[in-house]
Amino acid sequence: MTGQTRRLRAGLIGLGAMGRNHARILSTLDGVDFAGSVDPAGDPRRSAYGAPVFAELDELLAAGVDYAVVACPTSLHESVGLRLAENGVCALIEKPLAGTVEAAARLVEAFESRGLVAGVGHIERFNPALQSLRERLEAGELGDIYQVVTRRQGPFPNRIADVGVVKDLATHDIDLTSWVTGSGYATVSARTVQKSGREHEDMVAVVASLDDGTMVSHLVNWLSPLKERFTAVTGALGCFVADTLTADLTFYSNGAASNEWEALRTFSGVTSGDMIRYAILRREPLLVEHERFRDAVDGKPSEIVTLRQGLRNVEVSAAILESAERGLTVTVGEPAVNAKGAAQ
Ligand SMILES: NC(=O)c1ccc[n+]([C@@H]2O[C@H](COP(=O)([O-])OP(=O)(O)OC[C@H]3O[C@@H](n4cnc5c(N)ncnc54)[C@H](O)[C@@H]3O)[C@@H](O)[C@H]2O)c1
């Protein structure tokens with residue numbers, strides 16, 4: 001039960017690897033009628049997940065939708081998103097929000113100026129391991145936070161590579177790091193390599209500082225036969241490790257820092273303490289992302305990833321690429337859109 005007063009009609013643009021997952025969820029989402037997908041490549045059955053497949057966006061718009069999920073290649077997010085905004089359609093746009101900072105900023109303006117609900121598919125925020133990690137950090141279970149380390153490695157996915165690994169994959173790490181810590185990026189320093197003969201970088205190493213002084217490192221690539229999705233947050237009281245492939249969260253406590261405040265005030269070192277693996281209720285992150293977005297379109301209070309947050313992630317990824325190109329540490333600039341509301 002969603003408590004909705006009316007059913008919503010939703011569409012999908014891009015029926016590829018990720019789009020098919022969105023179609024599966026949209027076709028069964030409570031309170032939503034799946035109006036159809038748009039993909040110029042079509043579908044041999046001319047329908048997918050019980051709804052028609054159109055060749056043109058105009059056909060979906062003519063069918064009438066309250067909102068649409070944008071899961072076509074990243075370089076098309078801007079043109080598709082702008083057309084949805086012009087037609088008064090709310091949008092959940094896959095990450096990264098766009099291929100450039102300028103395109104991402106234009107999308108923010110287009111949806112905000114019309115008062116349309118819009119979000120970005122930074123799905124890691126809906127991973128149960130990271131949700132539990134964030135709650136525990138907010139509750140102070142780690143004390144002072146020193147460092148965030150992420151590794152996101154694996155083979156190249158068999159699909160269009162219109163952006164490199166920094167914008168495609170590292171934006172997950174950028175988003176989750178600022179979300180779990182509640183702090184933005186201050187500076188970045190990065191190296192990239194390009195080994196597979198494609199147009200863009202396929203491996204990156206990043207060292208960054210957050211606004212609150214937390215140090216960060218990200219290792220992200222498409223060149224490893226080992227697939228891992230690893231996030232470790234280390235602080236005065238120990239270390240949390242989240243595996244977002246298995247949705248596991250483990251705490252390694254610092255045996256030298258007992259929970260007594262006296263010990264915390266005179267931090268004297270680290271020893272291995274107890275290790276706890278938390279039992280977490282595992283709901284599918286994509287389903288939770290869709291439920292939150294549907295509720296936001298329905299006018300209910302709901303936490304979604306805003307376009308401004310998506311823009312900020314694109315800005316950090318652009319700073320990473322600039323650092324790698326120039327061999328310098330880059331200060332992450334002021335947000336590109338300075339309209340009303342807090343920029344992220
Ligand atoms: N959130 C995540 O974890 C996640 C995972 C994978 C991909 N993505 C994002 O989803 C988007 C799509 O990635 P993918 O892996 O599904 O790519 P893909 O290449 O598998 O699919 C893209 C689809 O878009 C279609 N398309 C091309 N031009 C179109 C147009 N003008 N209108 C409508 N459809 C069009 C293609 O025919 C193809 O079917 C990218 O932005 C990617 O970054 C997000």
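The values are calculated or read from the model by the stated rules, or taken from the named source; none is laboratory data. Owing to the predicted nature of the structure, the values given are computational and were not obtained by experimental measurement. Here the Cβ positions follow ideal geometry from the backbone for every residue, glycine too, while neighbour counts run over all protein chains shown.
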* For the range 60-77, what are the residues that are touching a Gly at 6+ places or on another chain (Cβ under 8 Å) and among the charged types (D, E, K, R)? -> none
* **Selection status of residue 3, within 15 Å of the ligand (Cβ to nearest atom) and either over 24 Å from residue 120 (Cβ atoms) or surrounded by fewer than 24 Cβ atoms within 10 Å (Cβ to Cβ) (or both)** => no
* **Any chance residue 48 is surrounded by 14 or more Cβ atoms within 10 Å (Cβ to Cβ), small (Gly, Ala, Ser) and modelled with pLDDT under 95** => yes
* Structure fact -> Turns out the strands (runs of 3 or more DSSP E) fully within the range 54-168 with at least 1 residues that are within 10 Å of the ligand (Cβ to nearest atom) and either closer than 21 Å to residue 299 by Cβ or out of contact with any Pro (no Cβ under 6 Å at 6 or more places or on another chain) (or both) are 67-70, 90-94, 118-121
* When both residues are 6+ apart or on different chains and their Cβ atoms are under 7 Å apart, which pairs have a first residue that lies in the range 286-311 and is over 19 Å from residue 179 (Cα atoms) and of a type in the set (Lys, Arg), and a second that is outside any helix (DSSP H, G or I) and modelled with pLDDT of 95 or more? -> 294/8; 294/29; 294/31; 294/32
* Taking only the range 169-201 into account, find how many residues are closer than 17 Å to residue 314 by Cα and part of a loop (DSSP other than H, G, I, E, B). => 4
* Can you name every residue in the range 297-337 that is in contact with a strand residue (DSSP E or B) (Cβ under 7 Å, 6 or more places away or on another chain), part of a helix (DSSP H, G or I) and β-branched (Val, Ile, Thr)? -> 297, 316, 320
* Structure fact -> In the range 23-53, anything small (Gly, Ala, Ser), in contact with a Leu (Cβ under 6 Å, 6 or more places away or on another chain) and away from the ligand (no atom under 15 Å from the Cβ) is listed as none
* To do: Restrict the check to the range 38-45 and report whether at least one residue is surrounded by 15 or more Cβ atoms within 10 Å (Cβ to Cβ), at pLDDT 95 or above and touching a Pro at 6+ places or on another chain (Cβ under 6 Å).
  => no
* **Subset tally (residues that are without any contact (Cβ under 8 Å) to a residue 24 or more places away in the chain and out of contact with any helix residue (DSSP H, G or I) (no Cβ under 9 Å at 6 or more places or on another chain)) for the range 88-146** => 4
